[in-house]
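The values are calculated or read from the model by the stated rules, or taken from the named source; none is laboratory data. Not measured: the values here are computed from a predicted model. Positions of Cβ are generated from backbone atoms using ideal geometry, with glycine treated the same way; all protein chains shown enter the neighbour counts. Only protein heavy atoms, including side chains, enter the accessible area calculation; ligands, DNA and RNA are left aside. Shrake-Rupley method; radii C 1.70, N 1.55, O 1.52, S 1.80 Å.
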Amino acid sequence: MLAWLFGRRLGELDRGPATVVAVYDGDTCTCTRRWGSPFQVRLHGIDAPELRHDYGETARYQLARLIHNRRGILEPSEYDRYRRVVSRVVVDGVDVSVAMLEAGHAFHFRRYDDSPDLLKAEATARRRRLGVWAMPWAEDRRLEHERGDARDGKAQSRSGGGCLGRAVACALVGAVVVGRTGCGFRCRTTQRN
């Protein structure tokens, strides 16, 4: 009861096991414990693209592959401004933040964490141009984070949403990309013989 009065919900900030029951995006999930209500967890030290931006759905899918319906260990540190528990999540001995960074599915959020394992994981993905690092806006996004322009843990890519998605859509319907207009791609259908 006293924990609730001081802004801490019972058990959420305790280190220990939890089950991931939903994945919201590439850095946020919902967990449950044997006691209490489900609560949102923000993965410590990383920032994935928003769902509405390029690569957002892919990051969410990759996080779900790693942790959805899995039991892991939470190592919480605090609440963020949205009352999510900020936590390291370890599943089968693997730090999920490190795994997401190594595969290029998120950016290292250096403003809140400068641990060497996260720095190294992001550097590996960046060097290999994996995941988000294959996107043309990735370096701009990284610089936004370093300057502190990323508000509330969610910087927006300069390219806006859907650029790559539109190019892929063109290819899927048998069209060719004939140029870029701002963020978007212009498509021209091709003659199929």
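Once neighbouring chains are kept in place and the probe is 1.4 Å, which whole percent of the accessible area of the range 55-149 is contributed by carbon and sulfur?
The nonpolar share, carbon plus sulfur, comes to 49 percent.
For residue 88, the residues whose amide H sits under 5 Å from its own are 44, 75, 77, ignoring neighbours fewer than 5 places away on the same chain, with H placed 1.01 Å from N. For a test of the definition: using alpha carbon positions, the gyration tensor, and the 1.5 limit on a/c, classify the range 45-133 as rounded, prolate or oblate. The shape class here is rounded. Here the label points at residue 51 and residue 77, each 7 Å from Cα along the C-beta direction, are separated by 2.6 nm in the simple model.
A crude spin-label estimate for the pair residue 119 and residue 134, with each label 7 Å from Cα along the Cβ direction, gives 2.8 nm. Where Lys and Arg each count +1 and Asp and Glu each count -1, what net charge lies around residue 117 among other residues with Cβ under 11 Å from its Cβ? That sum, taken over residues with Cβ under 11 Å, equals -3.
Heavy-atom accessible surface of residue 51, to the nearest 10 Å², is about 50 Å², with a 1.4 Å probe and all protein chains retained.
Restricting the calculation to Cα atoms, the range 14-96 shows an Rg/Rh of 0.94 when the hydrodynamic-style radius is the Kirkwood one. Restriction of the chymotrypsin sites (Phe, Trp or Tyr not before Pro) in the range 12-108 to DSSP coil positions whose beta-carbon has at most 14 other beta-carbons within 10 angstrom yields 35, 82.
3J(HN,Hα) couplings calculated from phi for the range 67-81 with the Karplus curve 6.51 cos²θ - 1.76 cosθ + 1.60 (θ = phi - 60°) are, in sequence order, 10, 4, 6, 10, 9, x, 9, 8, 10, x, 10, 5, 9, 8, 5 Hz; Gly and Pro show x. With every protein chain present, what accessible area does residue 129 have (1.4 Å probe, heavy atoms only), rounded to the nearest 10 Å²? Roughly 140 Å² of residue 129 is accessible to a 1.4 Å probe.
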